[in-house]
Amino acid sequence: MFNDISHQDKIILPEMVFRACHGVLAQEQAVPQDFRVAVELITDTAPAAESDELADTVDYGEVYWQVKGIMEGRPHRLLESLVSEIAEAVLQDERIAAVTVRLEKVSAPVDGGIRAILEITRTGADYGI
């Protein structure tokens, strides 16, 4: 397991865009809306820097596919539940010491539409990993 946090290196996926059905209202569960997701991974990139091998780092392409699967998967009523599922999935890779997930609902249906953003930071310990 990755325990050494002496290297606070980050791999950042700053803006992944998805159309999905998440929200409390029936309309939100039925009509896709725009979401932006950013993921920041805390990991030690030194092994990959030395070896130049993908196997020695976190594959950010794989992280993208995990996030996409969750975003386009089963509907969530709350953003809190959605970002927590993303964080837990990403933290299954033991090379990731912590993850920050930032999710923006581009136009929440409140009085004509507002932006809503939720950001969490979690470690594997938060999920018993």
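The values are calculated or read from the model by the stated rules, or taken from the named source; none is laboratory data. Remember, predicted model here, so these are calculated numbers, not experimental data. Here the Cβ is made from the backbone with ideal geometry for all residues, glycine too, and neighbour counts use every protein chain on show.
Take the residues in segment 52-87 that are surrounded by 14 or more Cβ atoms within 10 Å (Cβ to Cβ), hydrophobic (A, V, I, L, M, F, W, C) and in contact with a helix residue (DSSP H, G or I) (Cβ under 9 Å, 6 or more places away or on another chain); name whichever of them is farthest from residue 117 (Cα to Cα). Within segment 52-87, the match that is farthest from residue 117 (Cα to Cα) is 58. Selection within segment 114-128: residues that are surrounded by fewer than 12 Cβ atoms within 10 Å (Cβ to Cβ) and not hydrophobic (A, V, I, L, M, F, W, C). The member of this set that is modelled with the lowest pLDDT is 115. Selection of segment 22-61 for residues being of a type outside the set (A, V, I, L, M), in a loop (DSSP other than H, G, I, E, B) and farther than 19 Å from residue 120 by Cβ yields 32, 44, 45, 52, 53, 57, 59.
Results for (1) closer than 18 Å to residue 9 by Cβ; (2) charged (D, E, K, R), shown as yes or no for each residue.
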| site | (1), (2) |
| --- | --- |
| 46 | yes, no |
| 57 | yes, no |
| 64 | no, no |
| 70 | no, no |
| 89 | no, no |
| 95 | yes, yes |
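Against the criterion of being of a type outside the set (Gly, Ala, Ser) and under 9 Å from the mean Cα position of the chain (by Cα), residue 24 does not qualify. Summed over segment 100-123, the residues that are out of contact with any Lys or Arg (no Cβ under 6 Å at 6 or more places or on another chain) and either closer than 22 Å to residue 54 by Cβ or of a type in the set (D, E, K, R) (or both) give a count of 5. Does residue 120 meet the test of being more than 11 Å from the chain's Cα centre (by Cα) and more than 14 Å from residue 18 (Cα to Cα)? The answer is no for residue 120.
In segment 99-111, is there at least one residue being under 24 Å from residue 9 (Cβ atoms), surrounded by fewer than 20 Cβ atoms within 10 Å (Cβ to Cβ) and out of contact with any Ser or Thr (no Cβ under 6 Å at 6 or more places or on another chain)? Scanning segment 99-111, I find at least one residue that is under 24 Å from residue 9 (Cβ atoms), surrounded by fewer than 20 Cβ atoms within 10 Å (Cβ to Cβ) and out of contact with any Ser or Thr (no Cβ under 6 Å at 6 or more places or on another chain), so the answer is yes.
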